[in-house]
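Input: a single structure, listed below in structure tokens.
The values are calculated or read from the model by the stated rules, or taken from the named source; none is laboratory data. Fair warning: this is a prediction, and the values are worked out from it, not measured in the lab. Positions of Cβ are generated from backbone atoms using ideal geometry, with glycine treated the same way; all protein chains shown enter the neighbour counts. Just so you know, the surface numbers come from the protein's heavy atoms only, side chains and all, with ligands and any DNA or RNA stripped out. Shrake-Rupley method; radii C 1.70, N 1.55, O 1.52, S 1.80 Å.
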Amino acid sequence: MTTDTVPLSVKWGKETINLDKFVVAGGVKGLKTELEEKTRVPADRMKLMAKSKGLWKGVLKDDFDFSTIDFAAAVSKSKGAPLNLLLMGSAAELTGPKTKTVFLEDLPPEEVAKVKEPSGLENLGNTCYLNSVTQCLRATPQLRLALNAYNPTTTSAQTLLLSSLRDTLNQLDRTSEPVPPSALVRSTKMAFPEFARTGPNGAPMQQDAEEFFSGLLAIAAGELKEDRQIKAALPFVSHEEMGGATNLVDALFGLKMEETLTCDEFGDAGNSGDNKMQVDGDKDNETKTFIEPPVKSFDLHRKLVCNIQGGSDGAAQTNVSHLAEGISLSLNGTIEKRSEVLGRDATWTRKQRIARLPPILAVQFGRFYWKATPDSQDHAGVKCKVMKPVAFNSTFDVFEFCSDEVKKELKKSRDKALREEEDRINKKLKGESEEETEESMDVEDDEEAAALKAALAMSVQDVEDKPFPVGPGLPPEFQGHYELFALVTHKGRDADGGHYMAWVKASNNSGKVEKIADTDEDNEDWFVFDDDEVSPCKTEDVLKLNGGGDWHMSYINFYRAKK
């Protein structure tokens with residue numbers, strides 16, 4: 001035996017740990033490391049004392065140098081027996097991993113679908129129009145809740161369409177693999193026979209995604225009328241908030257539109273003839289008046305239209321470069337209408353405004369139009385596509401398109417938010433903290449009591465100024481702002497061909513959200529659904545879908561009310 005290694009016997013509670021060949025050169029650290037492996041006592045919690053003579057005194061320190069000890073003499077004194085040490089310290093409890101490791105292949109399909117990219121839909125022969133709209137509706141939880149509460153008692157093309165849509169959406173959630181929408185395609189062709197048309201080679205013809213979307217909403221409006229379906233989707237909506245909507249679709253997508261028609265032709269107060277009024281410079285003598293009072297009516301729309309060609313009368317040649325400009329043009333225009341006072345047709349100004357707002361706002365871009373072909377042999381005309389770029393943002397403010405009554409209610413919420421923001425900024429500039437603000441509210445004398453009373457009176461007034469609901473299922477104190485969450489795009493120059501895809505905002509962002517360069521737009525996570533192929537993308541990719549080339553361009557934008 002050499003002094004390079006020595007036998008040690010370490011007493012630890014009721015246990016004895018034998019180190020037959022402890023390497024002296026390892027020092028204190030080496031000794032504690034070996035003991036930690038055998039006892040699970042952390043090295044920093046160990047207290048080692050020597051029981052055999054000729055070693056160290058007291059508790060062994062981490063910086064003690066074993067070369068100062070004559071281990072050969074110590075072993076000789078113990079007559080070859082191991083040197084005795086005493087260990088004090090508690091072993092660390094064994095703990096498993098904080099989160100249990102689960103392998104993806106061990107999960108059931110419905111759990112895999114929650115952690116992987118969302119599943120796509122197989123193309124069953126020019127069904128991209130159906131696949132894209134379905135993926136956008138998949139991100140509309142209110143509609144899905146109503147569909148899950150839908151149990152028709154009869155069988156028809158309409159009930160089969162909604163049932164197959166419900167089942168397809170639920171199946172998409174249960175798997176990470178592409179889903180073949182066979183039942184949905186069959187029921188669609190039953191409900192809309194024109195979608196069953198085939199080309200000369202027998203292949204299914206391409207269909208219009210917007211026509212499918214509008215037709216689907218029309219059928220759903222006729223079926224989803226029961227209270228339990230409406231309550232399933234909008235559980236806290238009141239009768240007043242419904243604003244006359246009698247079914248789930250009109251409550252969810254419906255816009256109550258206020259239309260005002262004003263005759264553009266004027267006359268003197270005492271003359272109802274055709275002569276237009278001559279207005280002199282004296283306002284006191286001005287007798288300008290409408291020949292006929294404005295005609296106001298209400299209608300229900302399930303989408304807004306962004307007019308790209310020009311005004312809604314079809315004659316305007318306005319350059320549209322942004323979504324808001326196109327919507328404004330579609331809501332205003334001129335028409336020819338009979339005037340009972342004049343006894344002939346006259347020019348009327350048409351103005352539409354939103355009198356009830358929906359939780360989900362759909363906006364169609366007027367990309368396709370019908371062009372007459374009088375010089376052709378069949379004079380049948382041709383369907384064309386507008387390729388020009390029309391920009392849009394990830395948020396959309398509808399305030400300017402609302403009626404005066406709705407604007408009044410939205411303004412209450414906007415003014416309140418503005419006051420709160422100003423107060424926050426002022427407090428920050430003054431360096432006031434919340435604690436200081438609370439202390440300043442302590443009432444110690446009559447003057448402070450009077451001030452508190454005045455503040456309470458203002459609070460009561462604020463309650464009285466609480467905005468009335470301007471639509472069903474909208475967030476409290478809604479300000480008229482919507483956020484983009486899905487869109488259908490079309491690629492190609494042929495209106496009867498090309499390809500549709502869906503772009504849907506992710507439910508959660510994978511990391512920190514950055515700003516898009518040189519903008520205030522959040523660059524959030526999205527997914528693009530090219531039938532059965534699903535890929536991640538960002539907000540900046542979506543905002544580039546404004547047209548102007550052969551790449552995909554937005555056709556239907558879906559917005560939801562922003563909190």
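Remarks
- Beta carbons closer than 9 Å, at least 6 apart along the sequence or on distinct chains, pair a first residue in region 501-517 that is touching a residue at least 60 places away in the same chain (Cβ under 8 Å) and under 18 Å from Phe529 (Cα atoms) with a second that is basic (Lys, Arg) and outside any strand (DSSP E or B) for Ala502/Arg138; Val504/Arg138.
- Region 131-141 - residue that is of a type outside the set (A, V, I, L, M, F, W, C) and surrounded by 20 or more Cβ atoms within 10 Å (Cβ to Cβ) and, of those, nearest to Lys562 (Cα to Cα): Thr140
- Hits in region 150-172 (condition: modelled with pLDDT under 95 and either open to solvent by 70 Å² or more (accessible area, probe 1.4 Å) or assigned to a helix (DSSP H, G or I) (or both)): Asn151, Thr153, Thr154, Thr155
- Region 402-417: number of residues that are under 15 Å from Gly243 (Cβ atoms), within 24 Å of the chain's Cα centre (by Cα) and open to solvent by 30 Å² or more (accessible area, probe 1.4 Å): 0
- For the condition open to solvent by less than 70 Å² (accessible area, probe 1.4 Å), modelled with pLDDT of 60 or more and either of a type in the set (D, E, K, R) or touching a Gly at 6+ places or on another chain (Cβ under 9 Å) (or both), Val390 qualifies.
- Among the conditions (1) open to solvent by 70 Å² or more (accessible area, probe 1.4 Å); (2) of a type in the set (S, T, N, Q); (3) under 26 Å from Arg367 (Cβ atoms), the only one that Ser510 does not satisfy is (3).
- Residue match in region 186-196 (condition: without any contact (Cβ under 8 Å) to a residue 60 or more places away in the chain, farther than 21 Å from Glu122 by Cα and either in contact with a His (Cβ under 8 Å, 6 or more places away or on another chain) or of a type in the set (D, E, K, R) (or both)): yes
- Ser187 being out of contact with any Gly (no Cβ under 6 Å at 6 or more places or on another chain), part of a helix (DSSP H, G or I) and under 21 Å from His490 (Cα atoms): no
- Looking at Ala92, Ala113, Ala81, just one residue is part of a loop (DSSP other than H, G, I, E, B) and modelled with pLDDT under 85, and that residue is Ala92.
- Selection status of Glu420, charged (D, E, K, R), more than 25 Å from the chain's Cα centre (by Cα) and modelled with pLDDT under 90: no
So that you can scan it fast, the table gives a plain yes or no per residue for (1) part of a strand (DSSP E or B); (2) under 16 Å from the mean Cα position of the chain (by Cα); (3) surrounded by 15 or more Cβ atoms within 10 Å (Cβ to Cβ); (4) modelled with pLDDT of 70 or more:
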{"residue": "Leu452", "(1), (2), (3), (4)": "no, no, no, no"}
{"residue": "Gly471", "(1), (2), (3), (4)": "no, no, yes, yes"}
{"residue": "Glu477", "(1), (2), (3), (4)": "no, no, yes, yes"}
{"residue": "Thr489", "(1), (2), (3), (4)": "yes, no, yes, yes"}
{"residue": "Asp494", "(1), (2), (3), (4)": "no, no, no, yes"}
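- Residue tally, condition among the hydroxyl-bearing types (Ser, Thr, Tyr) and open to solvent by less than 90 Å² (accessible area, probe 1.4 Å), over region 50-76: 2
- Ile219 in contact (Cβ under 8 Å) with a residue 40 or more places away in the chain, more than 24 Å from Val470 (Cβ to Cβ) and either open to solvent by 20 Å² or more (accessible area, probe 1.4 Å) or hydrophobic (A, V, I, L, M, F, W, C) (or both): yes
- Residue within region 550-558 that is among the aromatic types (Phe, Trp, Tyr) and over 30 Å from Gly471 (Cβ atoms) present: yes
- Applying the criterion of being among the small types (Gly, Ala, Ser) and touching a residue at least 60 places away in the same chain (Cβ under 8 Å) to the residues of region 138-185, the residue that is farthest from Phe212 (Cα to Cα) is Ser176.
- Total residues in region 222-233, condition open to solvent by 50 Å² or more (accessible area, probe 1.4 Å) and not charged (D, E, K, R): 0
- Members of region 515-542 that are in a strand (DSSP E or B), out of contact with any Phe, Trp or Tyr (no Cβ under 8 Å at 6 or more places or on another chain), closer than 25 Å to Pro178 by Cβ and open to solvent by 60 Å² or more (accessible area, probe 1.4 Å): Glu533
- Among the residues of region 29-49, those that are within 15 Å of Val10 (Cα to Cα), open to solvent by 80 Å² or more (accessible area, probe 1.4 Å) and not in a strand (DSSP E or B) comprise Glu37, Lys38, Arg40.
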